[in-house]
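Trainee: Take this structure, written in structure tokens, and hold onto it; I'll ask about it next.
The values are calculated or read from the model by the stated rules, or taken from the named source; none is laboratory data. Computed from a predicted model, the values in this text were never measured in an experiment. Please note: Cβ atoms are built from the backbone with ideal geometry, for glycine as well, and neighbour counts cover all protein chains shown.
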Amino acid sequence: MLLKTFKSNRTGNFLLFPLAALLLWLKSLVSPQTYPFYPEESENLLFKPVYNLLAGLPLMQVVLALVFFLLLAIQMMQINNRYNFLRRRTMLPAPLFIVMASGFTGLQTLHPVWFGALFVLLAILRLFSAFDNTRCYSAAFDTGFFLAIGSLFYFNLIVLFPAFFLGIGILTRETRWREFAVFLTGFMLPFIFAFSYLFFTGTTGAYLNTLEMNIMTINNHFSDNLPQKIYAAFLAFITFLGSADIVRNYDTKKVSTRKFFTVFFLIFVFSLAGLVFIPASSHEMLVITIIPITFLSANFFVFMKKRFWGELWFALLFVFAMAMQFLN
């Protein structure tokens, strides 16, 4: 019955999934801790002022992270409702994201990825508006602009550039060079402003060192964390079930749904590549990877014909995420 409750579109669910988030973040709220940043990880240009403002206030850091966490869940629900690519109005993407991401309890505090992820969702929201349109210059510009702003919070988001660049060509009705040029202009503009500010303040060299550290620092939160490995493996299993379902029913989906899921697949692949190939990237990148996994899994749970198995897998996911509060 847990899945059935979260899957419904009743108004009461607007209170239910925030309560689920509070339950899954309760330990962090009761015993708040700051994130163990490696040198320069907290020095990203737009994240640094926020972090400096809340330094020494661990509870406020957890509360702010939880607020952004809930905003992410609401935004994911809005994306589905606006573009209806699940072909059903459901709140499931919101609680599903909350349950999946809450299992990584080490991130239940202030981290730049929460800010960056919000701008990734804004970029997705604008990118999807380009579907089957011609001369979608505004959508292309906004997509690049939001992705760049997110990268100024969490620099490793830059690995998603190819996914959104290819997404422009996939979703627009007529692919021309102008859309790609506008997207690139939107992406470059925040960096031009950022480096202009750094130049006039004489801190360009320090920021370039920060970027280097955010790429090259060896950072692994999985190596000695068996519960987190097991939880990640279970998420991989859910992803496999969802992938098998979408491949099996791919030809029955609407054209828009197929294209949207293709874009999500690209975001999944490039975020996973960032996790594997960028030494400084660790479990925080999984917040980005969970975004496409959420929509894939939501499609799987919404259209699963055998209710028993859907309820079982969702209940196990919730139990796993709850257990991580004590095991991780």
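Trainee: Residue by residue through the stretch 107-137, note down the ones that are buried (at least 21 other Cβ atoms within 10 Å of the Cβ) and either part of a loop (DSSP other than H, G, I, E, B) or β-branched (Val, Ile, Thr) (or both).
Mentor: 108, 109, 110, 111, 113, 120, 124, 130, 136
Trainee: Something else: What's the number of the only condition in (1) surrounded by 19 or more Cβ atoms within 10 Å (Cβ to Cβ); (2) at pLDDT 95 or above that residue 6 fails to meet?
Mentor: The failed condition is (2).
Trainee: Could I ask something else about it? Could we say that residue 68 is under 22 Å from the mean Cα position of the chain (by Cα) and within 27 Å of residue 261 (Cβ to Cβ) here?
Mentor: Taking the combined requirement at face value, the residue satisfies it.
Trainee: Please enumerate the residues belonging to the stretch 134-157 that are within 14 Å of residue 189 (Cα to Cα) and not hydroxyl-bearing (Ser, Thr, Tyr).
Mentor: Matches in the stretch 134-157: 140, 141, 142, 144, 145, 146, 147, 148, 149, 150, 152.
Trainee: Additional query: Return a yes/no flag: does the stretch 319-328 have any residue that is under 30 Å from residue 153 (Cα atoms) and within 19 Å of the chain's Cα centre (by Cα).
Mentor: yes
Trainee: Read through the list (1) at pLDDT below 95; (2) surrounded by fewer than 24 Cβ atoms within 10 Å (Cβ to Cβ), then give the number of the only condition that residue 91 fails.
Mentor: (2)
Trainee: Does any residue of the stretch 270-278 turn out to be assigned to a helix (DSSP H, G or I), closer than 19 Å to residue 128 by Cα and within 20 Å of the chain's Cα centre (by Cα)?
Mentor: Looking through the stretch 270-278, at least one residue is assigned to a helix (DSSP H, G or I), closer than 19 Å to residue 128 by Cα and within 20 Å of the chain's Cα centre (by Cα).
Trainee: Identify the residue in the stretch 117-149 that is among the aromatic types (Phe, Trp, Tyr) and over 22 Å from residue 284 (Cβ atoms) and, among all such residues, is farthest from the chain's Cα centre (by Cα).
Mentor: 137
Trainee: Something else now. Condition (residue is farther than 18 Å from residue 151 by Cα, in a helix (DSSP H, G or I), small (Gly, Ala, Ser) and in contact with a helix residue (DSSP H, G or I) (Cβ under 6 Å, 6 or more places away or on another chain)) applied to the stretch 220-243: is it met by at least one residue?
Mentor: yes
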